[in-house]
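Notes for the one structure printed next.
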Amino acid sequence: MLQGGEKHETTGHSFSAENNYESAVGLDSTRVVSCNTTSILRTLTTLKRADLLNYARGTLLRRATDPWESHLGGIMNTMVPEKEIPSHQGPDAQSVDPDLGVITSAVKVPQTLSHMHYWNVKLKKNASKEEVLAALKTSTRIKLIHYDQGLVSNNTIKEMYLDMGRPWGDMYEVALWEDMLKVVGDELFYAYVVDNQAIVIPETIDAIRALTGIENDGQKSIVKTNKSLGIN
């Protein structure tokens, strides 16, 4: 099993538990996609399952370096856009779901805690905020948070997870602002935060179950993994 930094072609299969668990059962190898790609698949797939998703355009604010290496390098007092559009995360999500209509762009920013995404989604129809939230809630690995409860930044979200007793403040879920989310006719706007280390931990556990054949049912594996990690 390989991580998201590797190319899809290395294994010929890229994994995201809520998308294609069953297709990994019994394979010799798979690639658990990156933190950002995992978040894209989790969120957009909920909209696709609800038959709401037409296409999506996302901008990623990427952390500059890992915290334990920030004394060695990284950027300061600048922001560095990725030269290519789409950035690699959109095509990477399509390695799991080729029919996903997604284009991404990315900017490296001078901080180390996490990544932040802003999304503009074209829906298939005019929808209500309640319809969109109902779709997002079908994923057990999306946590709806509230700006007006003091969760106004990635550091305050990290503190919340530390207060929850998570080891190292690990955030296995996509932390998506419910009260920031806005629907205007057939357009949807939302933002969320991604923990680049922790979000792929549950995916990795599920991938091991699939490859080894310990559990053939993806939903059952997700339930087991969530319970073991304290994902409610």
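The values are calculated or read from the model by the stated rules, or taken from the named source; none is laboratory data. These numbers come from a predicted model, not from an experiment. Glycine gets a Cβ as well: all are built from the backbone with ideal geometry, and neighbour counts include every protein chain shown. Protein only, heavy atoms only, side chains kept; ligands, DNA and RNA dropped before computing areas. Shrake-Rupley method; radii C 1.70, N 1.55, O 1.52, S 1.80 Å.
Ranked from largest, the principal axis spans of the Cα set of segment 31-127 equal 47, 28, 22 Å.
Going by average Cβ density within 10 Å per residue, which order do the peptides 24-34, 181-191 take, highest to lowest? All intermediate terms of the calculation are to be shown ahead of the outcome.
Numbers: 24-34: 19.5, 181-191: 15.5.
Going by the mean number of other Cβ atoms within 10 Å, highest first, we get 24-34, 181-191.
Residue order by solvent-accessible surface for H117, H8, H71, H88 is H71, H88, H8, H117, largest first, with ligands and nucleic acids left out and a 1.4 Å probe. Rolling a 1.4 Å probe over the heavy atoms of the protein chains gives the chain an accessible area of 48 Å² per residue. Surface composition of the chain: carbon plus sulfur atoms contribute 53% of the solvent-accessible area (1.4 Å probe, protein chains only, all chains present).
In summary, the aspartates and glutamates within cross-link reach of K129, defined as a Cα separation below 13 angstrom excluding same-chain residues under 8 places away, comprise E178, D179, D186, E187. Computed from label points 7 Å out along Cα-Cβ, the spacing between K224 and V152 is 4.4 nm.
Taking 22 Å as the cut-off for C-alpha to C-alpha distance, list the pairs among K48/K137; K48/K182; K83/K182; K137/K224; K7/K224 that go past it.
Values: K48/K137 13 Å; K48/K182 18 Å; K83/K182 29 Å; K137/K224 18 Å; K7/K224 29 Å.
Violating the 22 Å Cα-Cα cut-off are K83/K182; K7/K224.
Ranked from largest, the principal axis spans of the Cα set of segment 177-220 equal 45, 24, 13 Å. Extension gain, K182-I103: 0.36 nm per intervening residue step, less the Cα-Cα distance, totals 26.5 nm. Helices in the chain, meaning DSSP H runs of at least 4 residues, each add -39500 (n - 2.57). Divided by all residues, the mean residue ellipticity at 222 nm is -9500 deg cm²/dmol. The convex hull built on the alpha-carbon positions of the chain has an orientation-averaged projected area of 12.8 nm².
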